[in-house]
């Protein structure tokens, strides 16, 4: 998508070669393309309109810098403005005050409230907070069971409502029990409801008045369309929310809802949910979201994730080996293990710009089972074999296949891949890192 | 032809009831497309760019998507140019008719054939309302006098099995279940054996919600489908994709990838009782040609209606 946006803009700008400034006239076509991209990303119509107007004002009369093409310059302005709008203060959870401090989670049905409560509980537990979970959803069948199971998995206490307790009573009793038992933070999972359901919205208001939460967080689905403004606007109007958690960010939705919600509530987006596992909760970065809405992928997240999980010393060692063309199968295994530590592979691939859009990429998406296989194969080799793959003849390959529980074809495939990687490294070393880096940059 | 007329009469009766109900709900909480168009058209003498921009806003904010909206607007412009359309008051009808044509082509209610059991596999991303839709379907089939069995093949999400069990009690049918974390294919295998042994008419399989971009999970779904086909030739007779009307353009990607993996044969559009208009279904119908089966309009047991294109366009747009 980013490629196509750049291409589109380049095509538009081709017509204006020789112009030193961005003018009203030549910027109109550009803005039309940007408008299209934003609407396709599900940003609300009205929000897009305001945004485009802001860009027009910003871009007008700007000198075209020599280091950029005009297309790049406009994208830079758009990206900066988008980042600015998505950002904001108070992106941390506010847990100050006399314990127990409570946080209320609200939202539509199916936005992922209960799972998110579990994730935030895990996040707080890692921060050594003594957390208490409160299931205040008495409407959806088995919602209470669901939270209790999550609590069990996390070894965090969950309030156990008596039969017939209504949500308000549940919250009141849970809060009392939290202060008796000395819990610091109380997470309240409310039932999903439509923002136009007066009765249930009043119920939330009553809970708010009773428990006086430090934070009310709106849980919203990143795949939401134009309606995001209505939903977020109403929840904010009735309850005065303090922040937003955007869920299901691990799909391929561009997430324009983030901008719509921010525009209509002006409340910070605090976290994003990136998977079904309870550790799949990440801090929100406005710049990354801006890139995603524009279809530029999430390169920064990927880099940061890699930095956080790769062992620096080992990486240095491997780099040295790469430079000396001494990258062995043993190093290959090491690399695979490092990649595995970064998280699930589709999550990693999803952060690379354009990957989701490329047809046939699914065939390339390595199965995690495949990695296990590769490890097993390399483990079945002798030290000598790992250092020098050229000695791997037919009978050695047969032995390795047998030892690792795979087939000779699997072993052959692995060696082929390894040799390919080796050739790439050699090429890299002769042409230098500089050329490689330029290829990787999006523009 | 007589049977056809009778069928239509029945459908008419149902349609009217639902239409009124939908309209009643909608009128209280939001403005439908028609009244919004009426408002922007009011006082206009000719179709000009301003008016078309207002129309564009209405279509896009209904989640129709940029492509479909641009196409509809282009068609109107073309007609104006050829002098076939110049009265702003006819504009609404013109656009409604085009949307209706697209949707009408996919208005194909689910017909339960006599293969015992008739197997329905329900799929979709997380949180769209699969389990609730299953409960409503079970209730509907029970009321039609059919015997229904449910399979709890969502063994992943915490308490998903319990959720289906509670619904099944309300609908008055049995559930085949395993432990949490069990292999969903095994649950499906058992449920088909049980359905055959108990001479069940309809078996509905609840699968775990999964994002369409997760290759491994989509492979798991394919495996479940293979097992069903292996145990009962010709099954599943229906693969129903549940879509949330609140979802924007991503619903197209969902429909595409689920279709690729499981060759879905029908769509249920849920959560139409909110303010979202579910316009994305127009893009999906136009592009992917998947039959539209049901719409979900509330949390009650009988809030699942057979999809009707006219009613959808009238009430929502």
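Observations, loosely collected:
- Positions within the range A:142-196 being more than 14 Å from every other protein chain (Cβ to nearest Cβ) and part of a loop (DSSP other than H, G, I, E, B), in sequence order: A:155, A:159, A:160, A:161, A:162, A:163, A:164, A:165, A:166, A:182, A:183, A:184
- When the range A:118-136 is limited to residues that are over 22 Å from the mean Cα position of the chain (by Cα) and crowded, with 24+ Cβ neighbours inside 10 Å, the one that is nearest to the other protein chains (Cβ to nearest Cβ) turns out to be A:135.
- For residue B:278, the stated conditions hold: it is at positive phi and either part of a loop (DSSP other than H, G, I, E, B) or away from every other protein chain (no Cβ under 11 Å) (or both).
- Sole exception among (1) part of a loop (DSSP other than H, G, I, E, B); (2) more than 14 Å from chain A (Cβ to nearest Cβ); (3) over 26 Å from residue B:103 (Cβ atoms) for residue B:302, by number: (3)
- Residues in the range B:156-200 that are farther than 25 Å from residue A:138 by Cβ and either within 14 Å of chain A (Cβ to nearest Cβ) or buried (at least 20 other Cβ atoms within 10 Å of the Cβ) (or both): B:176, B:179, B:181, B:184, B:187, B:188, B:191, B:192, B:195, B:200.
Quick grid of which residues meet (1) modelled with pLDDT of 95 or more; (2) under 20 Å from the mean Cα position of the chain (by Cα):
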position: B:141; (1), (2): yes, yes
position: B:168; (1), (2): no, no
position: B:172; (1), (2): no, no
position: B:194; (1), (2): yes, no
position: B:202; (1), (2): yes, yes
position: B:205; (1), (2): yes, yes
position: B:216; (1), (2): no, no
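- Residue in the range A:214-235 that is part of a helix (DSSP H, G or I) and away from chain B (no Cβ under 14 Å) present: no
- Hits in the range A:236-257 - residues which are more than 12 Å from chain B (Cβ to nearest Cβ) and assigned to a helix (DSSP H, G or I): A:236, A:237, A:238, A:239
- For the range B:140-150, taking the residues that are away from chain A (no Cβ under 14 Å) and touching a residue at least 40 places away in the same chain (Cβ under 8 Å), the one that is nearest to residue B:177 (Cα to Cα) is identified as B:149.
- Looking across the range B:240-260, the residues that are more than 9 Å from chain A (Cβ to nearest Cβ) and buried (at least 21 other Cβ atoms within 10 Å of the Cβ) come down to B:240, B:241, B:242, B:243, B:255, B:258.
- On the stretch given as the range A:43-61, residues that are touching a residue at least 24 places away in the same chain (Cβ under 8 Å), within 14 Å of chain B (Cβ to nearest Cβ) and either assigned to a helix (DSSP H, G or I) or in contact with a strand residue (DSSP E or B) (Cβ under 7 Å, 6 or more places away or on another chain) (or both) total 4.
- As a summary of the residue check, residue B:153 satisfies the conditions (1) within 14 Å of chain A (Cβ to nearest Cβ); (2) under 28 Å from residue A:152 (Cα atoms); (3) crowded, with 24+ Cβ neighbours inside 10 Å except for the one numbered (1).
- Inside the range B:67-103, residues that are within 14 Å of chain A (Cβ to nearest Cβ) and touching a residue at least 24 places away in the same chain (Cβ under 8 Å) make up a count of 2.
The values are calculated or read from the model by the stated rules, or taken from the named source; none is laboratory data. Fair warning: this is a prediction, and the values are worked out from it, not measured in the lab. Please note: Cβ atoms are built from the backbone with ideal geometry, for glycine as well, and neighbour counts cover all protein chains shown.
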